Structures are given as C-alpha cells and as structure tokens.
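Report on the following structure.
The values are calculated or read from the model by the stated rules, or taken from the named source; none is laboratory data. Here the structure is a predicted model, which is why all the values come from computation and not from measurement. Ideal geometry is used to build each Cβ from the backbone, glycine not excepted, and the neighbour counts take in all protein chains shown.
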Amino acid sequence: MGRVRELVGDSHPASLARGYALNLILRSLDRLEVRGRDSAGLAAYVRFAATSALDAFLDRPCGGRAELESRTDPTLSHGAVIRPPSSSETLLFVFKVAEEVGKIGDNVAFLTSAIAEDRFFQSLLREPDVDIQCLAHTRWASNGVVSLPNCHPVDNTLLREGSPVPRTMGRFVACLNGDIDNYQELVRRYVESDGQELDRSITTAAKIAPVVVAHYYDQVGDLEESFRLAFDEFEESMAIGLMAAERNGDFLFAQKGSGQGLFFGLGNESVAVASEMYGVVELAPHYVKADGQRFAGGEVFRLRTEQRRVRFEVLGEGGFAAVPTARRREAEITTRDINRSDYRHFFAKEISESVDSVRSTLSGKFEVSESGQIRSLLGVDVLPVDLVAGLREGRVRQIGVVGQGTAAVAAQGVARLLDVALERSPHPVEVIASPATEFSAHRLRQDMSDTVLIAVSQSGTTTDTNRTVDLARQRGAWILAIVNRRNSDLVYKAHGVLYTSDGRDIEMSVASTKAFYAQNVAGQVLALGLADALGTLDDAEISRAVEDLRELPSIMERTLALGDEIAELAREYSLRRRYWAVVGSGAAKIAADEIRIKLSELCYKSIAVDYLEDKKHIDLSSEPLILVCSAGQRQALVSDAVKEVAIFKAHQAIPIVITEEGEESFDPYAAGVIRLPVYRGALGYLSTTLVGHLFGYHAAASMDSMADRLRSLRSEIVRRQSQNGAGEGTIPEFFPVLAGADIV
C-alpha cells in the first residue's frame with residue numbers, strides 16, 4: 001500500500017480506493033511502456049455530486065479558483081486543469097510527459113511523482129464525495145512530433161481566431177492506437193469548414209477523434225450513436241478509447257482492422273482495458289479480445305458503471321448487449337511472464353531465453369521409428385492434406401514467404417530452407433521471400449490457387465502481413481502461418497499453423513530477438529515436414545538435418561558464453577565511428593540483414609547492409625565500423641573474405657569479423673575476431689545473428705552510459721518547462737484504462 005498512500009497522501013478508505021485505482025493504471029502503463037515510451041499521459045475527470053459542492057470547494061481559502069484559472073490550457077498539456085462547461089460539477093486534470101530518450105520506467109515514475117506532488121489534485125482526492133475516472137496512454141510516435149500537446153489523451157477543444165471555444169473544452173477525452181489516414185480530410189470537414197482551427201502545436205491524428213464525436217453529439221444528442229458515427233468515418237486500422245465529462249464512469253472503445261489489439265480484462269467488480277494482454281493481466285484472470293474484423297466497421301464496446309459495478313457490453317444489431325460469456329478466455333500469461341527478473345533490460349532477458357524458445361519450437365516435431373528413422377510429426381493442422389496433394393501433383397507451383405521487419409528477414413531464411421528441401425521435387429516449385437507489403441503490391445495475381453503463402457509473425461496481428469494474407473486468400477492461395485501467439489488474428493486466417501515455441505512465448509522487447517530464432521527453426525521444421533511428405537529428401541538426409549537441429553541449442557549456449565568478449569569489443573569500438581555497416585554473403589547475408597535491424601533499433605543509427613563483396617564498391621570511403629559475417633563459409637570463400645577485410649583495413653575502416661573456431665586468417669586485418677563453435681547445419685547463420693544481437697545490445701549500453709549526464713540535464717529542463725506550462729506533445733501506441741469505483 002506504500003505507493004497507494006504516496007499517490008493520495010491519506011489513509012481514509014475512500015482516498016485509498018482512489019489511490020488504488022490510480023496505482024493499477026500506472027502499473028499497467030508501466031508494463032505497456034516497453035511497446036512505446038517516448039510519451040505517456042493520464043487524464044482524470046474528478047466529479048462532485050453537485051455543482052454547488054464543486055463551487056464551494058473552489059471558494060475555499062486555498063485558492064482553488066485561481067489555481068483553475070492559471071492552469072486552464074487548451075492544448076491539454078502537462079498540469080492542465082479544465083472545467084468542462086458541459087458538466088459543471090467536473091474538473092479534468094491532465095498529467096503528461098514526453099521524452100524521446102530515457103529508460104523504461106522513467107515516464108511512469110514522473111507521472112507518479114507529478115500526481116503525488118499536485119496539491120490541488122490531492123486535495124480533491126481527499127474529498128469524501130467525489131468520483132474519479134481515468135484514461136491513460138503510452139506511445140511510440142507514428143505521426144506527430146514527440147511533444148506534450150501531442151501526448152495522449154487529447155480532448156475536443158477547438159480554437160476560433162486563436163482563442164478556445166468554451167463549449168468544446170474538455171467535454172470528450174480520447175486516445176488512439178494506430179492511425180487515422182483521413183485525418184486531414186476530417187480536419188477540413190469538421191473544423192475548418194466552421195471557421196474553427198486546431199492549436200498549431202497539436203499535430204497528432206488522434207486529436208480529430210474527440211472532435212468528430214463532439215460534432216455528432218451536437219447533432220444527435222446520444223453519446224453511443226455519436227461515437228459509432230465518428231468511428232465509421234475513421235479510415236485505417238486502429239483502436240480507440242473515449243470518456244465524456246457528462247457520463248460518470250462510462251467508457252466507449254472500438255477497434256477496426258487487425259493491426260492493433262484491444263483487451264478487456266475481467267475482474268470481480270471492474271474491467272481493465274489495454275492494447276496488450278500484459279496491460280491487464282495483474283487485475284484480471286479472464287479477458288475478452290476485441291475482433292476488429294468481426295464486422296466491416298469494426299467492433300464497438302461500452303463500459304457502464306452502475307451502483308459501483310461495471311457492465312461490459314458490445315454493440316450488435318439490436319444495440320448494446322452484454323458481451324457473450326463464450327467470448328471470455330482465460331489468461332495464458334501471468335505477471336511472472338512479463339517480469340524482467342534480475343535483467344537490466346527485457347532485450348537481455350530475451351536473448352538469454354532464445355535457447356529455450358528454440359528447444360520449445362523443436363519439441364514434439366519429430367519421432368524416431370523402430371528402425372531408427374526420423375519422421376516428421378507435423379499433422380494436418382500444419383500441412384492440410386489437399387495442400388500436400390497439390391504440391392505432389394504439381395498444382396501448387398509457387399511458395400511465397402512474407403513478413404514485416406524482423407519477420408521479413410526470417411522469411412528469407414525460411415524460403416532458403418524450403419528451396420533446399422524441395423529442390424528435387426518432380427514438379428518445380430518457385431520459392432519467393434518478400435516483405436508482405438512488396439508481395440501485396442507487386443506479386444498478387446487474380447488466380448493464386450497455385451500458390452502457398454507462408455506468413456511469418458510473432459504477434460499474429462501485424463497489419464501489413466494480415467492484409468497481404470487476406471488479399472492472397474481471396475484469390476485462392478493456401479495460407480500457412482508461422483506465429484507465436486495462439487488465438488491471434490493470423491491463426492484464424494490460415495489453413496495451417498505452426499507455432500513457434502509453445503504459442504505463448506511472451507516477447508516484451510520492441511527489438512525482437514528470440515522470435516527470430518524460433519521462426520527460422522520453425523521454417524526448417526516445416527521444410528523437413530514437407531520434404532518427408534513429398535519424398536524430396538531421403539531418410540538419411542532428413543535424419544542428419546534433424547540431428548543438426550537438435551544440436552543447435554547447445555551451439556547457441558556456447559555462443560552466448562562469448563558475451564563478455566563481445567561486450568568488450570562493443571565497448572572498445574562502437575563509439576569510434578559514426579558510420580556502421582554489416583556485410584555477409586550466402587546464408588550469412590540473412591544474419592547481416594537481421595543484425596542491421598537490431599543495431600539500428602538499439603543504437604538509433606541508419607546502418608548500411610551489403611553483400612561482402614559489394615562493400616568496397618559502395619561507401620567504404622566513410623571509414624565505417626564493419627561487422628563481417630563470415631562464419632560457416634567454405635574455405636575458398638573464407639580466403640575471398642580475408643581479402644575483402646584487408647581492403648577494409650586499408651581504407652581505415654574498423655572490421656570486426658565473426659568466424660569459426662580455429663580460423664586465424666582474419667587476425668592481421670581485423671580489429672577484433674569473434675570465433676563461434678563450428679556448426680555445419682543449415683541454420684548456422686543463427687549463431688552469427690546471436691553475436692550481432694549481443695554486440696548491438698552492449699554498444700547501445702555503452703552509448704547510453706555516455707549520455708547519463710546529458711539525460712539528467714535534459715530531464716531537469718523538461719521538468720521545469722512542464723512546471724511552467726511550456727512544452728509540446730504526439731500519436732499513440734497503447735492505452736490502459738481502469739473502469740470501476742471504490743476498489744479496495
């Protein structure tokens with residue numbers, strides 16, 4: 001109860017109940033911050049039972065009216081307090097922080113401190129007959145600069161000739177996950193056409209959401225209908241939450257498309273709402289997941305607080321009705337699953353867990369027969385009978401493997417493995433790896449009944465991947481999924497599903513690691529399963545490949561044991577060059593592509609990736625730090641690689657080479673050499689990738705330590721700006737909400 005008392009500074013049961021609710025919201029926000037942390041905000045309606053009670057409070061000697069007047073801010077920036085004209089017994093408080101650089105937990109710590117130190121807000125929380133209603137959000141900006149005015153939640157305040165229109169202030173408050181693609185069109189239609197304008201410091205598309213709701217509410221006078229009409233107008237994939245000054249304890253939520261999640265955690269007397277399951281798991285053993293594709297216009301939900309209990313309803317043809325019990329699911333994760341344990345960062349924790357993730361992915365996939373032969377155990381839930389028959393009979397002639405980001409790189413690996421496994425098929429099969437967006441833009445045909453599309457995804461909710469799957473399936477393609485999450489959107493779109501790990505391997509770090517290893521291993525399991533079914537590899541070849549797979553976890557463990565050596569190289573060389581590059585050839589190019597992504601994500605750098613031989617023809621004049629992926633190469637190719645590294649050194653670059661134990665040819669030319677255990681399996685590039693992930697992590701840590709003093713100075717400047725009402729704001733990523741009252 002220590003943090004609860006910190007938030008309210010009082011031990012009265014009613015105050016503690018409000019502090020408990022605030023604490024749950026902040027803890028949820030803290031967990032969601034791993035998915036978006038450049039800004040965070042919490043908006044709270046504080047309601048008195050009557051207007052006279054609020055007026056009496058403001059007239060006290062503490063100077064409440066002066067405080068309200070000085071903190072009224074139409075941008076809804078940090079510290080703003082607004083009295084919405086639509087509900088005169090209500091005050092709206094806003095706490096926000098926006099910082100591009102920082103550590104996980106900093107933002108929530110700032111909000112917690114700001115709430116605890118706000119004497120005006122604290123005095124209200126101690127009043128005996130007030131209710132609070134909160135909407136909170138953390139994000140990683142997708143549009144709109146990172147600033148306080150852009151930070152969610154946002155409200156419907158509009159300006160006319162530079163001054164706020166009083167009737168619009170604080171009436172509706174909303175936050176958004178995703179994008180509203182037709183934002184500019186809606187601004188012209190619902191703001192500028194009436195001679196009004198938005199504050200110029202607000203550039204997030206989320207701002208238009210409460211504005212359009214307010215427009216419809218002025219016309220129809222019904223909040224639910226206004227929300228539905230507004231949501232119908234918003235184009236793209238999104239999840240949205242809204243509360244209104246004149247609707248005590250009620251929330252409206254909606255989701256459309258498949259790119260964003262919306263989870264309703266069901267407690268005994270409350271409902272917690274978040275965009276990821278780990279945002280609600282502390283409160284709720286059961287949950288309902290919104291299905292943005294259940295209807296063409298998405299799904300709309302309502303939470304209504306009646307007599308201290310929450311009614312959870314969904315919009316259907318006959319209006320709002322209780323969400324069917326059949327949609328309830330039991331949470332498959334706990335707070336333990338999303339705990340960093342003793343690790344400094346989730347990234348480090350998940351690298352260490354990658355070995356177990358690979359072992360789980362392999363578990364139960366093969367068996368040894370009485371004669372000693374190894375057989376695939378992939379069933380029709382992974383490889384439908386008709387699909388296998390289509391490949392065997394030559395009716396299926398193309399396999400596309402798609403994903404986005406890291407999953408797109410994993411798709412390259414999966415495609416390479418499939419190409420080898422099916423090389424001797426009597427009916428040639430073209431195997432193509434492509435980002436999902438490129439496949440949907442350039443490779444769709446009207447008739448794709450001759451195609452298998454394999455979609456690779458960690459979450460199963462990636463918008464671009466799922467859209468490509470939808471388009472291909474509509475044209476007759478078979479859909480297979482390599483995915484981590486059971487019950488995710490992609491699972492229901494696929495004809496066959498191969499789960500990585502056990503289908504519930506939580507990955508908290510935005511910079512994905514263990515999913516990449518498991519996806520490639522799953523790709524080899526799938527390739528060998530098809531080869532077994534089609535007879536394109538003989539028993540001995542399949543047995544050798546399976547034995548190689550079983551050896552892989554121990555190879556990864558030995559690679560992880562090189563962590564101190566890799567960390568030392570990262571500390572010594574990562575700060576010596578502004579420009580970096582990663583190079584590799586053959587299968588090592590897959591490792592190079594994935595390492596490039598992680599270095600860029602972790603170190604905030606634009607990094608080149610090339611084939612080894614191309615580097616000397618492109619930008620060697622920049623004298624970069626170059627990670628050379630050369631492990632697993634034939635000796636003739638190693639000799640060529642040594643020549644390239646010698647050229648790198650001659651041009652004043654810093655080459656760091658990843659090779660195999662016993663290989664010393666690079667030593668005269670490389671600034672550092674990392675020697676991996678020898679592994680001849682098809683997935684040898686995963687060990688190289690592991691080195692790159694570790695190098696990126698330790699390089700980022702080195703950069704971070706150099707910035708500690710600057711960060712402290714910047715935080716102090718931002719804090720002082722916030723106290724003076726200065727600053728700006730952004731678009732959302734995730735929002736936790738707690739609906740309920742007096743939860744103790």
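Assorted remarks:
- Listed here are the helices (runs of 4 or more DSSP H) enclosed by region 423-528 that have at least 1 residues being touching a helix residue (DSSP H, G or I) at 6+ places or on another chain (Cβ under 6 Å) and among the hydroxyl-bearing types (Ser, Thr, Tyr): 436-442, 463-474.
- Members of region 580-606 found to be under 26 Å from SER639 (Cα atoms) and in a loop (DSSP other than H, G, I, E, B), listed by number: SER585, GLY586, ALA587
- Residues of region 159-197 satisfying the condition of being assigned to a loop (DSSP other than H, G, I, E, B) and either of a type in the set (Gly, Ala, Ser) or over 29 Å from the mean Cα position of the chain (by Cα) (or both): GLU161, GLY162, VAL165, MET169, GLY170, ARG171, VAL191, GLY195, GLN196
- Residue in region 436-449 that is in contact with a Gly (Cβ under 8 Å, 6 or more places away or on another chain), closer than 15 Å to GLY403 by Cβ and surrounded by fewer than 24 Cβ atoms within 10 Å (Cβ to Cβ) present: yes
- Test: ARG37 is in a helix (DSSP H, G or I) and either within 29 Å of the chain's Cα centre (by Cα) or among the charged types (D, E, K, R) (or both): no
- Residue check, CYS629 of a type outside the set (Gly, Ala, Ser), over 23 Å from ALA587 (Cβ atoms) and either in contact with a Gly (Cβ under 7 Å, 6 or more places away or on another chain) or at pLDDT 95 or above (or both): no
- The set of residues from region 1-49 being of a type in the set (A, V, I, L, M, F, W, C), within 22 Å of GLY64 (Cα to Cα) and at pLDDT below 90 comprises LEU7, VAL8, ALA14, ALA49.
Conditions (1) touching a strand residue (DSSP E or B) at 6+ places or on another chain (Cβ under 6 Å); (2) on the phi > 0 side of the Ramachandran plot, marked per residue:
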position: GLU6; (1), (2): no, no
position: LEU16; (1), (2): no, no
position: GLY41; (1), (2): yes, no
position: TYR45; (1), (2): yes, no
position: LEU54; (1), (2): yes, no
position: LEU68; (1), (2): yes, no
position: GLY79; (1), (2): no, yes
position: ILE82; (1), (2): yes, no
position: SER86; (1), (2): no, no
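- Residue check, ALA109 of a type outside the set (Asp, Glu) and either under 25 Å from VAL280 (Cβ atoms) or buried (at least 20 other Cβ atoms within 10 Å of the Cβ) (or both): yes
A quick yes/no check of all residues on (1) out of contact with any Gly (no Cβ under 7 Å at 6 or more places or on another chain); (2) surrounded by 19 or more Cβ atoms within 10 Å (Cβ to Cβ); (3) within 23 Å of THR157 (Cβ to Cβ):
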position: ASP218; (1), (2), (3): yes, no, yes
position: LEU223; (1), (2), (3): yes, yes, yes
position: LEU242; (1), (2), (3): yes, yes, yes
position: LEU252; (1), (2), (3): yes, yes, yes
position: GLY265; (1), (2), (3): yes, yes, no
position: MET277; (1), (2), (3): yes, yes, no
position: VAL280; (1), (2), (3): no, yes, no
position: LEU283; (1), (2), (3): no, yes, no
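- In region 40-67, residue surrounded by the most Cβ atoms within 10 Å (Cβ to Cβ) [restricted to those that are part of a helix (DSSP H, G or I) and touching a residue at least 40 places away in the same chain (Cβ under 8 Å)]: GLY64
- Qualifying residue in region 611-626 (condition: at pLDDT 95 or above, out of contact with any helix residue (DSSP H, G or I) (no Cβ under 8 Å at 6 or more places or on another chain), surrounded by 22 or more Cβ atoms within 10 Å (Cβ to Cβ) and not assigned by TED's automatic domain parsing to the domain that holds ASP532): no
- Residue within region 615-635 that is over 22 Å from ALA682 (Cβ atoms), in contact with a strand residue (DSSP E or B) (Cβ under 8 Å, 6 or more places away or on another chain) and free of Cβ contacts under 8 Å to residues at least 12 places away in the same chain present: yes
- Among the residues making up region 96-106, those that are crowded, with 23+ Cβ neighbours inside 10 Å and not β-branched (Val, Ile, Thr) are LYS96, ALA98.
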